[in-house]
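Only one structure is covered here, and it is reproduced in the block below.
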Amino acid sequence: MSYNNILNSLGPCGINCSKCFAFKNGTIKKLSSELKENLGDFDVYAERFVDLLEEPVFKKYPDFKEMLSHFSNVECNGCRKDECKLFTACKVKQCSKDHSVNFCFQCAEFPCSKHGFDEHLEKRWITIQNKMKKNGVEKYFNEIKDLPRY
């Protein structure tokens, strides 16, 4: 994959936007849409299956359907083309533009506290950036491109 295509997949923080549930061209949206389509009007059956099959789990179908609809209707283009729909406090995109870098590790100030992440995400961000710095962006991307994001 070309470096420009990698940039379209990875945010400046190094997290794979293309594997996010909010990414409009991602696998989660695609599979959720397919499952929603294949379930059709399952609502009626879910209600019946509670008693007919003695499966109380089918009572939760409306919640499942709501989540499936949410995953099916996302429209994020990724951090480099859109505002992050997941981490609204993230300041990395603007900071990377301000410092004219593609990734945080390329900045002389990395690691810094300008990211806007919580403690968990900050640790993940630092780990990712250090891997990219050590091994290269392309190698890092090839290692994670097929892995789940979560």
Sole residue being farther than 30 Å from LYS131 by Cβ, in contact with a helix residue (DSSP H, G or I) (Cβ under 6 Å, 6 or more places away or on another chain) and part of a helix (DSSP H, G or I), chosen from VAL50, VAL44, VAL57: VAL50
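Residues checked against (1) farther than 16 Å from SER18 by Cα; (2) surrounded by 14 or more Cβ atoms within 10 Å (Cβ to Cβ); (3) at pLDDT below 95:
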| site | (1), (2), (3) |
| --- | --- |
| CYS107 | yes, yes, no |
| SER113 | yes, no, yes |
| GLU119 | yes, no, yes |
| LYS131 | yes, yes, no |
| LEU147 | no, no, yes |
Test: residue in segment 82-102 that is within 28 Å of PHE141 (Cα to Cα), β-branched (Val, Ile, Thr) and assigned to a helix (DSSP H, G or I): yes
Qualifying residue in segment 76-91 (condition: more than 27 Å from LEU31 (Cβ to Cβ) and either under 16 Å from the mean Cα position of the chain (by Cα) or touching a residue at least 40 places away in the same chain (Cβ under 8 Å) (or both)): yes
Residue that is surrounded by the fewest Cβ atoms within 10 Å (Cβ to Cβ) [pool: residues in segment 52-69 that are closer than 30 Å to LEU10 by Cα and touching a residue at least 12 places away in the same chain (Cβ under 8 Å)]: SER69
Qualifying residue in segment 136-144 (condition: assigned to a loop (DSSP other than H, G, I, E, B) and under 21 Å from ALA22 (Cβ atoms)): no
Evaluation of THR88 against (1) surrounded by 12 or more Cβ atoms within 10 Å (Cβ to Cβ); (2) modelled with pLDDT under 90; (3) polar (S, T, N, Q) (one fails), failing number: (1)
Counted residues, segment 92-105 - those being under 26 Å from THR27 (Cβ atoms) and either loosely packed, with under 12 Cβ neighbours inside 10 Å or not hydroxyl-bearing (Ser, Thr, Tyr) (or both): 5
Subset tally (residues that are in a helix (DSSP H, G or I), surrounded by 15 or more Cβ atoms within 10 Å (Cβ to Cβ) and not small (Gly, Ala, Ser)) for segment 1-26: 5
Hey, VAL74 assigned to a helix (DSSP H, G or I) and among the β-branched types (Val, Ile, Thr) or not: no
Residue, modelled with the highest pLDDT, within segment 70-85, restricted to residues that are touching a strand residue (DSSP E or B) at 6+ places or on another chain (Cβ under 6 Å) and among the charged types (D, E, K, R): ASP82
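The values are calculated or read from the model by the stated rules, or taken from the named source; none is laboratory data. Here the structure is a predicted model, which is why all the values come from computation and not from measurement. Virtual Cβ from ideal backbone geometry, glycine too; neighbours counted across all protein chains shown.
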